[in-house]
Each structure stands twice: as C-alpha cells, then as structure tokens.
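**Student:** Before I ask anything, here is the structure I am working with.
The numbers here are math on the coordinates, done by the rules we state, and not lab data. Worth saying up front: this structure is predicted, and the values here are computed from it rather than measured. Here the Cβ positions follow ideal geometry from the backbone for every residue, glycine too, while neighbour counts run over all protein chains shown.
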C-alpha cells in the first residue's frame, strides 16, 4: 500500500482580535477581529460548552476556505469519508468542576440533564460531526503540550491509510475559571481563549476536486526531546527551514539548522495555548507559505523540563511537495 | 493484513489480571457494591463496580486510574516477553474521563494537580521510558479506536510493536449527571433485559501488546483481523442503529469475514434503554438472512461500565473465550428484550462451544462506534 500524501486546503481561526491566519504572523494594526462576546452567540451555540462553541466558530471559515461548504452552509464533502480530529486539554474542565460544585451544594437534583454530553472530553468533536454530518473517524486527542501537533499526526495517518479523504483538525482551549486557576498555579502567563481549524486532505482527493493545496503536511513526530523530534522531521531533501514556530520554554539548543532561523513564539502574544498550539502554529506556517515565505516551516511544542515529550512538524510549500 | 495480540493485562473490580477477571465472569461473580467513592447522600443511585483500593469509605485520592494503567501496561509487556523499559514502543491510551477525578479532588478538596496529570504520558514515561505516547479521550469507544489506530501505525511502517491501553476511574460529575438523567436508579447493570433500568459505572484498566504479524516467534493470544471506526453525527448521546450496523459491516470487510463466520459477539451492552435496543436492532439486521448464529455476551453485567477501557477489556476476554471455548453469561438476564429475540444471548451460566472468530463492539458519547474482529491465537 502506498500511503496517501496529506495536504492542507483550508484554515480558520476563532482567536480574539484576529481575523485570520495572517494575523498570527503580524498583529493586526486596527481593532476588530473575532470577538467571543458576540461571536459565540446564536441558535446553533445553544446548550454547548465554551470549547465546543469556539471550535464551531473556527471550523466554519476553514471549511469555507477549503471550498467544502455549500451556499446554505452545509458540508459539501463526503460524509462517510470525513474525519474530525480535535485537540484539547482543558475543553470540558469547566463542566467537570461546575458539576462537582452543584452536586456538593444541591445534590444531583441540581444538575441539568443537558450537561450529560459535557462530562466526556470528546464532546467538541461530537458537536462538529453533528453540525456538518461528518460520519468518518471522530478522534479527540488530549495529550498535553504537544497535543495539537499530535492531532495533525493522527489526521495524517487516517488519510495515509485511507480511513478518510478529509480530516477537519481543530485545536481549542477555552479560558474558563478552572483553567485560569490551574495554569496560574504554574505561571503568570495569560490563557488563550480560542480555536484554530485546518482542513487536511489527501493530495489525490484535493486534485480530483480541483482544490488549491496551501501546504503539504510533510512530517510529524513525537519523541523524548526536541532535538530528536526535530531530527525525525528534517528530511535531507526538504528545503531549509524558513520559519521556526516555537513554544514557551523551547530549549535554544534545539535549533533546526546552523545559522539564524527566523523564529516566532505565538504564546508570547496569545498566552498559554496548550492543546491549541500545534494547530495554531500550523495555521501560521500556512500563512507564511501563502505570502511567498521561503523554505519549509518547522513547528515544535513540548520539550520543556515538565513535559513528557516533544513534538515537531514540517510543512512544505506545494512546489516542494513530492 | 492482520496483527498479533502477544500480551494482555487488566485490572477491574472482579480481578487483578485478565485470567482472574475471566474466571470471575464465567463463575458469575459481579463487582457490584454500594457506592464507595462519594458522599452517597448527594446521589439517588447508590451502586457502582469500583476497584476497592481507597483508604476508606468516602476517602478518595488522586491518580488511581493512572496507577491501574501502569499496572495493566506492565502486565501486558511482561506477558509479551518485552522489557519494561519500552522506550521505543508507542503507547496509545483510550479513556473517557482521563484524570478528571483528580481534577475534581483538586477543585473541591484542594489536593495537588499539575496540568500534566490530566493525560497519562508523564506517568507512562516515568515508569516505562516511553515518549511516543498518545492519550485519546474517545468516550467509551476509546480503546477500540486506539486499537484501530495502532493497526494503522503498523500498516504504515511507523512501528512494529504498539501497546494499546485504557483506564478510567469514576468521577462525581459523570456519575452525577448520569444519575440525574436516568429515570430510575439501577440496582445492577442488566444488559438486554426487559427490566433493565440504566447504566452503572465500573472502574478498571486494560492493555494489550499489538505486533506486526509474525514479529514475535511463539504463541499469540489472538490474531486481530480488522478494526472499524465511524461516527453517527446525529445525536450527542443517543446511539443510531444504522451507523452501528455500518461499523459492523466495515469491520467484516476489513477482516475479510462474513457475518456467518462470527462465532462470538462481545456486546457493548451498557444496560441503557437506548443502547441495548439500538445494538440489538443493528445486529439483528446485519445477521438477518446470512445464516449467522453466534453466541453473544455482555461483560458489563459483572464489571460495570468501565468506560474508555471497556471495549478493549471485552476484546481481551474474547481472546480468552476463543482459547478456552467458554463464553461467560450475561449476569441478570432473565427476559431478553424483543429486539434481541433472534440473538443467542448466553444466560444462566457459562456456555461451551467450538469458537474461532469473535466480534467486539464499543460505542460512545458523541455517537462514535468501533468494532473489532479477532481470531483465536496459536498458543
């Protein structure tokens, strides 16, 4: 079996103050951009937790960007061949803590039956599937700081073995009270309240529907440390790294090449991104390639002393794809 | 393509390893007990299938699921003859609730919680040296989903050996909302019985070593023939018999078997009105007119619903059932539901039969379904 190659055909964001992926590279000068205060309202948002609402808001522009939404907002791709892969670490932490409080204060009779789906961490991926009728594999990755990159690894595998032709990959973290408390015990940094979505697709499928690939998802790895992970995704025939998307506490000795590689730490501006980071980095990488940025794009996450592993991902421009 | 199951491990309310659990199932020994974890006055339901390892009634402690996971993985590695320092082996963990119980204890009782406690990678690295670890929160289909993704890794040449595991401990939030939505408070989990009145949670962990076919000389517990996965995309908590049937048929296609090749079905059988009706309807449709007449059982009647790990625990029990030619009964099944009238549910006591091929079902919230097909191994 020859594995299918995965390309990215759509990008969408729901990040406060940003309009789209290019804003990840340079902060927008004026105001505007996504505003959760108004953007998370509406009929289809009812009875959903904050993370699910953010994820729905990011999925829509990504699917539109990929040309996979019909005029009425319905999904235009193949229902049974479309996977959903969500990365989140804190998605339903607010529901878990809230329900425990209610039980202690009012017994279970105080709980709303509508909360049932939110006890399970895969609720976000479930709502995405329901909204768009996506009946392929439905996967939720909750894997710590590397989780967003790991979600892209699994999307790539699902496509490579032909379990799916299209995978909607979403990284999402809500800024809720328990998340703020948990992370403030560890550091002073603010917390992202947002989501990023990518449409990952088999190159064959994209070609068949004349879709415009934005980048190739060339390599993804998780390893014991950052140097090893980077070495695993750096292939001899890939163009030199033109942009390195790092994370907070990225060890400087993990640099991908000798000489200076331009690097960007999205968390410096967005705060802790946790499970959303790998997907946001990939969105920024696509924007870099989209405006003619040189070379390939390396993204790394994890690898700090408290992390269990590190992950790396290599994006290449379409001209450079095999 | 097929894959070898070369190591197994498990802990549950009814046993500290897979063989003890299987013996308990065949003897009809249940893990059902009065709820120990929480302040029972806050609940209407009063029962669960817990692992009894806390310091005392109402005294819960963090990271119990993590500890069971380490135990199950260690058992599986040893059983496969692999070194416990398994640095190069990917570990795929399926779970419904992760360490959300530890989060509740942190939030309510001020115990310690680090962000890294929520997923299992750190604990696996500490014990086994592994770095290619992935925690999937794929509800109650999680471990069969992970099993399918492990077979994909081997097929793609990304690994020759993969550990697939799962663990869950009961949480107040999940136990509580389930209690809130169930009309009655079940005294036991009674899959496929007309008098069933809901699900009760169980606790446990499970692990298997999956290897490229023939990678290890010697015996195998089972040969895995294929794993399907899909999603209803229709309702967050109510199952859909049409998509379930599609998952079953996709599993047969991947495994190159037909319905009448199936000798044994390990049902999801969660004891809820909706699940059991949808599952029995789906299987009755799949089997109709094919000549298929397998034995069927549902181990949640004795383990409780062990959530993310339940599918893989069913698979491990299926491997032992195929070997021994013995199928545990559905405990408490007296009057099968009408939808199951054409199905040979095992009841009253364990059944003996010549068995070679088994099907394992697992379904979860979010409408996700996974089905595995396995064959008797050569031990």
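**Student:** Contour minus end-to-end for residue B:83 and residue B:195, with contour as 0.36 nm per residue of separation and end-to-end as the Cα-Cα distance?
**Tutor:** 35.5 nm
**Student:** Still on this structure, please answer the following. Could you work out the mean count of beta carbons from other protein chains within 10 Å of each residue's beta carbon in A:126-137?
**Tutor:** 6
**Student:** Okay, next question. Run the numbers on chain B and let me know its relative contact order in percent, using alpha-carbon pairs under 8 Å that are six or more apart.
**Tutor:** Across chain B, relative contact order equals 24 percent.
**Student:** While we're on this one: What relative contact order, as a whole-number percentage, does region B:3-212 give when Cα pairs under 8 Å and 6 or more residues apart are counted?
**Tutor:** Averaging sequence separation for qualifying contacts and normalising by length gives 32 percent for region B:3-212.
**Student:** Classify region A:125-269 as rounded, prolate or oblate, taking a ≥ b ≥ c as the square roots of the eigenvalues of its Cα gyration tensor: rounded when a/c is under 1.5, otherwise prolate if a/b is larger than b/c and oblate if not.
**Tutor:** Here region A:125-269 falls in the oblate category.
**Student:** Still on this model: Give the separation of the Cα centroids, region B:286-324 to region A:100-168, in Å.
**Tutor:** Centre-to-centre (Cα) distance: 25 Å.
**Student:** Only helical DSSP H runs with n ≥ 4 go in: add -39500 (n - 2.57) per run for chain A, normalise by residue count and round the 222 nm mean residue ellipticity to 500 deg cm²/dmol.
**Tutor:** -9000 deg cm²/dmol, from helical runs alone.
**Student:** Considering the alpha-carbon set of region B:324-379 alone, what are its Rg and its Dmax in angstrom?
**Tutor:** Cα only, region B:324-379: 14.0, 39 Å (Rg, Dmax).
**Student:** When the gyration tensor of region B:1-95 is built from Cα positions, what are the square roots of 5 times its three eigenvalues, in whole Å, from largest to smallest?
**Tutor:** Taking √(5λ) for each eigenvalue gives 30, 17, 11 Å, largest first.
**Student:** Helix A:277-290 against the longest principal axis of chain A: what's the angle in degrees, Cα atoms only, rounded to the nearest 10?
**Tutor:** It is inclined by approximately 40 degrees.
**Student:** Additional query: Over 5 Å intervals from 0, what percent of Cα-Cα pairs in region A:104-198 sits in each interval?
**Tutor:** Percent of Cα pairs in each bin: 2, 10, 16, 20, 18, 13, 11, 7, 2, 1.
**Student:** In the protein assembly as shown, what percentage of the DSSP-assigned beta bridges are antiparallel, given to the nearest 5?
**Tutor:** 70 percent
**Student:** Please report the relative contact order for region B:223-376, taking Cα pairs under 8 Å with a sequence separation of at least 6, and give it as a percent rounded to a whole number.
**Tutor:** The value is 37 percent.
**Student:** If I stretch the segment between residue A:177 and residue A:41 completely, what's the gain in nm (0.36 nm per residue apart, minus their alpha carbon distance), one decimal?
**Tutor:** Extra length available between residue A:177 and residue A:41 comes to 47.0 nm.
**Student:** Could you estimate the translational diffusion coefficient of region A:7-208 from the Stokes-Einstein equation, with Rh from the Kirkwood formula over C-alpha pairs, at 20 °C and 1.002 mPa s, in whole µm²/s?
**Tutor:** In µm²/s, the coefficient is 122.
**Student:** Pull out a ≥ b ≥ c, the square roots of the eigenvalues of the alpha-carbon gyration tensor of chain B, then state rounded if a/c is under 1.5, prolate if not and a/b is larger than b/c, and oblate in the remaining case.
**Tutor:** oblate
**Student:** With r as the distance between the Cβ atoms of residue B:356 and residue B:74 and R0 = 35 Å, compute the FRET efficiency 1/(1 + (r/R0)^6) and round to 0.05.
**Tutor:** Given R0 = 35 Å and the Cβ-Cβ separation, E is 0.70.
**Student:** Also: If one takes the longest principal axis of the Cα atoms in chain A, at what angle in degrees, from 0 to 90 and to the nearest 10, does the Cα axis of helix A:147-160 lie?
**Tutor:** 70 degrees
**Student:** For region A:1-67 and region B:198-234, write down the distance between their C-alpha centroids in whole Å.
**Tutor:** That distance is 35 Å.
**Student:** Still on this structure, I have one more. So if I take the centroid of the Cα atoms in region A:279-321 and the same for region B:1-18, what is the distance between those two points in Å?
**Tutor:** Between the Cα centre of region A:279-321 and that of region B:1-18, the gap is 38 Å.
**Student:** Roughly how many nanometres apart are two label points built 7 Å out from the Cα toward the Cβ at residue A:318 and residue A:189?
**Tutor:** 3.4 nm
**Student:** How long is the gain from residue B:260 to residue B:334 if the chain were fully straight, where each residue apart is worth 0.36 nm and the alpha carbon distance is subtracted?
**Tutor:** Contour length minus the Cα-Cα distance gives 24.0 nm.
**Student:** Separate question: Obtain the nm distance between the two label points defined at residue B:378 and residue A:1 by a simple spin-label model: each point lies 7 Å from its Cα along the Cα-to-C-beta direction.
**Tutor:** Placing both labels 7 Å beyond Cα along the Cβ direction yields 2.4 nm.
**Student:** Just for region B:223-376, what percent of DSSP beta bridges are antiparallel, to the closest 5?
**Tutor:** Looking only at bridges with both residues in region B:223-376, the antiparallel portion is about 70 percent.
**Student:** Right, something else. What FRET efficiency do you get for residue A:112 and residue A:253 if R0 is 56 Å and r is their Cβ-Cβ distance, rounded to the nearest 0.05?
**Tutor:** Calculated value: 0.65.
**Student:** Hey, how much of the P(r) for the protein assembly as shown falls beyond 40 Å, as a percent of Cα pairs?
**Tutor:** The share of Cα pairs beyond 40 Å in the protein assembly as shown comes to 25 percent.
**Student:** What value in Å³ per residue do you get for the convex hull of the alpha-carbon atoms in region B:3-212?
**Tutor:** In region B:3-212, the Cα hull volume divided by residue count equals 129 Å³.
**Student:** Still on this structure, I have one more. Could you work out the mean count of beta carbons from other protein chains within 10 Å of each residue's beta carbon in A:221-234?
**Tutor:** Mean shielding by partner chains, rounded to a whole number: 1.
**Student:** Same structure again: As a test, work out the antiparallel percent of DSSP beta bridges whose residues both lie in chain A, rounded to the nearest 5.
**Tutor:** Once the DSSP bridges in chain A are tallied, antiparallel ones form about 65 percent.
**Student:** If R0 is 41 Å, what FRET efficiency do you get for residue B:290 and residue A:210 from their C-beta distance, rounded to 0.05?
**Tutor:** FRET efficiency, residue B:290 to residue A:210: 0.45.
**Student:** Place the peptides B:226-233, B:161-168, A:22-29, A:260-267 in order of packing, highest mean first, counting for every residue the other Cβ atoms within 10 Å and averaging per peptide.
**Tutor:** Result, highest mean first: B:161-168, B:226-233, A:260-267, A:22-29.
**Student:** Would you work out if region B:223-376 is rounded, prolate or oblate? Take a ≥ b ≥ c from the square roots of the eigenvalues of the alpha-carbon gyration tensor; rounded if a/c is under 1.5, else prolate when a/b is larger than b/c, oblate otherwise.
**Tutor:** rounded
**Student:** Within 10 Å of each Cβ in B:115-125, how many Cβ atoms from other chains are there, averaged over the peptide?
**Tutor:** Other-chain Cβ atoms within 10 Å of each residue's Cβ, averaged: 6.
**Student:** Quick one: what do you get for region B:190-275 if you divide its Cα Rg by 2.2 N^0.38 Å?
**Tutor:** 1.38
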